[in-house]
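Worksheet: the structure to be examined is printed underneath.
The values are calculated or read from the model by the stated rules, or taken from the named source; none is laboratory data. All values reported here derive from a predicted model rather than from experimental measurement. Note that each Cβ is placed from the backbone with ideal geometry, even for glycine, and that neighbours are counted across all protein chains shown. When the accessible area is computed, the model is the full protein with side chains, heavy atoms only, and any ligands, DNA or RNA have been set aside. Shrake-Rupley method; radii C 1.70, N 1.55, O 1.52, S 1.80 Å.
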Amino acid sequence: TDIDSRTMRAPLHEAELWGEMSCMNRAPRSATVIAERECYMLEMLRNVLDMLHNDPAYKKRMDEKYRTRVLEAQVRGLPIFKDMTDDEFQRLSESIDLVEFQSGATIFEEHEPSDSFYVIRSGLVKVLKNAWYVLRESEFDDDHWTALAQELTGQDEDSGRLQPLREHVWSAVSGEVRAILERAADGKPPATLDKQNVLAGLNDFIRNGNLHEALGKTARQVLEAAGADMGGQLKATIADFPKETENWSELEQRTFHRAFLEHVLPAGIPRRFDSSGPRRTMAYLGRGDVLGEIGVFHNTPRTATSVAYDHPDSGYHQRIPDARTGAVPSRVELLKISREKFQEFLKDASHVHARVQKLVEERKAQLEREGRSLGQSKGSIPQDREFDQLGLIQGQKLMLIHLDRCTRCNQCVEACVKAHDDGHTRLYLDGPRYGQYMVPVTCRQCLDPVCMIGCPVGSINRGSNGEIQIRDWCIGCRMCAEQCPYGSIQMSELANPVELSAAEKTLLGGAELKPVSERAVVCDMCSSLPHQDPSCVYACPHDAAMRVNAQDFFLEPLVFSE
């Protein structure tokens with residue numbers, strides 16, 4: 001709703017829905033709501049919204065509410081749009097599409113045409129360099145085209161041993177592509193349009209192939225079916241992928257499909273893995289950040305790959321969706337503005353054009369400096385796979401133990417127990433090591449708290465300081481504990497299991513009743529205490545225990561040499 005800038009108030013009336021945005025985004029409330037007179041309200045828990053989100057009609061209605069309640073404030077809050085007139089905003093808003101990507105999905109890939117740019121509504125986006133896998137015409141020469149046609153049509157010397165694997169590719173492309181390749185195998189070079197059609201068919205295989213179903217459900221079965229002894233690069237490519245192929249992200253699937261093509265078509269497919277540099281994480285972007293604007297403004301191809309960032313499977317739990325609501329671990333929601341509509345808008349908004357140009361030039365200069373100075377950087381984004389696998393970037397209050405200072409006195413755990421009336425610790429001095437730190441098992445106050453998704457009674461939410469809270473009507477279903485990727489939520493037995501009274505059982509009739517014998521326990525960052533500071537950190541006598549914002553702690557700005 002529109003807030004009056006003078007009074008900082010606004011009315012809500014009969015039949016209006018409110019509170020849904022913070023509920024869906026798992027964020028703290030953005031305003032205080034007070035009943036001016038006696039009201040009768042219907043209260044829905046988050047799991048209802050999770051379920052309704054899958055209904056197209058409801059999602060359309062919610063998107064319309066987002067446009068009327070949130071969109072203008074979010075767009076005008078961006079530096080490049082802050083001076084827009086009302087008429088200019090109205091024109092721009094008509095060009096904005098609301099889109100979403102499930103965890104692990106590729107938003108766009110390096111070298112693709114820049115057809116649009118995005119503003120993040122919710123979620124986390126990871127930006128990668130050298131993470132492109134689609135085939136480009138500039139990679140091919142005449143020898144590649146001839147060899148590709150002969151290999152796929154079975155006219156090369158390796159046809160006998162590789163043809164069963166090539167059949168997966170041959171059957172995936174269209175009849176038109178097959179006809180082009182058959183003519184090329186007979187010595188007729190394909191025309192430019194024919195080359196584009198062949199690449200489109202092969203790139204569709206890279207993007208949308210389902211080889212994990214055809215070759216096996218596990219990485220081991222895939223390698224056995226592909227003849228790993230003949231493809232060392234194929235084996236190295238998937239060495240760090242999840243064991244179960246159904247858990248591969250979209251980018252991992254694309255990576256495998258490109259490596260598979262290079263394996264079974266060694267002369268026809270250019271060696272992307274030999275010519276490109278190592279994959280590099282350039283940035284993590286969150287709510288309100290803009291991505292893809294450089295290519296749109298200059299009408300150039302994408303300079304990096306962007307993916308919807310998900311929590312990794314860190315080994316504590318295999319997260320599962322809620323079978324009742326169909327809730328998924330997480331998603332990224334974006335505002336999408338097409339290149340054509342945006343450039344048309346800029347023609348009549350010169351002040352916005354100048355601001356966008358300045359932003360783009362600053363961003364380009366920064367990227368060029370980083371590209372030149374990678375070997376001289378200090379404190380830049382960690383590039384080791386372990387950093388990603390541990391999900392450290394998610395922690396807004398990540399707990400770390402400095403192992404060189406820690407004397408194992410256990411005072412941090414004892415302080416945690418004393419800080420809570422139930423006598424249960426929320427901190428366990430066990431966990432993975434990262435550099436000189438241990439990452440103990442305790443809540444890290446994630447940017448995207450997937451533990452909150454799917455609770456059947458809505459007992460888990462964020463408190464006023466952003467901490468995770470579990471309310472006393474928890475029924476002990478274990479869903480939040482299973483969804484947490486880091487094992488931070490524990491189940492504790494109740495000394496006196498909750499039973500219903502005889503009168504309550506009578507009211508419920510013949511319904512099956514199950515006593516609540518345990519409840520979930522999670523660190524609330526000591527927000528219930530007067531000082532609201534984590535007791536574990538305060539009690540450490542050697543300054544070994546610390547709570548940090550991972551983005552500030554690990555992603556320090558680059559320092560360039562003169």
Can you find even one residue in segment 57-77 that is among the hydrophobic types (A, V, I, L, M, F, W, C), surrounded by 13 or more Cβ atoms within 10 Å (Cβ to Cβ) and more than 30 Å from residue 395 (Cα to Cα)?
no
Could you tell me whether residue 179 is small (Gly, Ala, Ser) and in contact with a Gly (Cβ under 6 Å, 6 or more places away or on another chain)?
no
Quick one: count up the residues across segment 320-355 that are at pLDDT 80 or above, among the aliphatic types (A, V, I, L, M) and in contact with an Asp or Glu (Cβ under 9 Å, 6 or more places away or on another chain).
6
Test residue 247 against the criterion of being open to solvent by 50 Å² or more (accessible area, probe 1.4 Å) and at negative phi, and give yes or no.
yes
Please work out if residue 129 is over 25 Å from residue 236 (Cα atoms) and of a type in the set (Lys, Arg).
no
Flagged in segment 333-357 as of a type outside the set (Asp, Glu) and outside any helix (DSSP H, G or I), in numbering order, are 334, 335, 336, 337, 338, 349
Restricted to segment 265-279 and to residues being modelled with pLDDT under 80 and outside any helix (DSSP H, G or I), the residue nearest to the chain's Cα centre (by Cα) is 279
What number of residues in segment 264-280 are crowded, with 22+ Cβ neighbours inside 10 Å and of a type outside the set (Gly, Ala, Ser)?
3
Take the residues of segment 204-216 that are part of a loop (DSSP other than H, G, I, E, B) and within 24 Å of the chain's Cα centre (by Cα): which is farthest from residue 242 (Cα to Cα)?
209
Residue 173 meets each of (1) in contact (Cβ under 8 Å) with a residue 24 or more places away in the chain; (2) aliphatic (A, V, I, L, M); (3) over 25 Å from residue 105 (Cβ atoms) with one exception, condition (3)
Residues of segment 129-146 that turn out to be of a type in the set (D, E, K, R) and at positive phi, as a count:
0
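Okay, residues lined up against (1) open to solvent by less than 40 Å² (accessible area, probe 1.4 Å); (2) modelled with pLDDT under 90; (3) in a helix (DSSP H, G or I):
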{"residue": "520", "(1), (2), (3)": "yes, no, no"}
{"residue": "526", "(1), (2), (3)": "yes, no, no"}
{"residue": "532", "(1), (2), (3)": "no, yes, no"}
{"residue": "547", "(1), (2), (3)": "no, no, no"}
{"residue": "553", "(1), (2), (3)": "no, yes, yes"}
{"residue": "557", "(1), (2), (3)": "no, yes, no"}
The correct count of residues that are under 30 Å from residue 385 (Cβ atoms), buried (at least 19 other Cβ atoms within 10 Å of the Cβ) and touching a Ser or Thr at 6+ places or on another chain (Cβ under 9 Å) in segment 123-163 is 10
Taking segment 31-56, which residues are surrounded by 14 or more Cβ atoms within 10 Å (Cβ to Cβ) and under 22 Å from the mean Cα position of the chain (by Cα)?
46, 47, 49, 50, 51, 52, 53
Members of segment 102-116 found to be assigned to a strand (DSSP E or B) and either modelled with pLDDT under 90 or open to solvent by 40 Å² or more (accessible area, probe 1.4 Å) (or both), listed by number:
102
In segment 172-203, anything outside any loop (DSSP other than H, G, I, E, B), open to solvent by 80 Å² or more (accessible area, probe 1.4 Å) and not acidic (Asp, Glu) is listed as 183, 192, 193, 196
Sort out which residues of segment 215-237 are among the aliphatic types (A, V, I, L, M) and either more than 17 Å from residue 258 (Cβ to Cβ) or open to solvent by 60 Å² or more (accessible area, probe 1.4 Å) (or both), and write them in order of number.
225, 230, 236
Under 6 Å between Cβ atoms, at least 6 apart or on separate chains: pull out the pairs that start in segment 419-438 with a residue that is in contact (Cβ under 8 Å) with a residue 40 or more places away in the chain and on the phi > 0 side of the Ramachandran plot and end on any residue that is basic (Lys, Arg) and open to solvent by 30 Å² or more (accessible area, probe 1.4 Å).
none
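For (1) free of Cβ contacts under 8 Å to residues at least 12 places away in the same chain; (2) more than 27 Å from residue 249 (Cβ to Cβ); (3) in contact with a His (Cβ under 8 Å, 6 or more places away or on another chain), each residue gets a yes or a no:
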{"residue": "38", "(1), (2), (3)": "yes, yes, no"}
{"residue": "56", "(1), (2), (3)": "yes, no, no"}
{"residue": "59", "(1), (2), (3)": "yes, no, yes"}
{"residue": "77", "(1), (2), (3)": "no, yes, no"}
{"residue": "95", "(1), (2), (3)": "no, yes, no"}
{"residue": "99", "(1), (2), (3)": "no, no, no"}
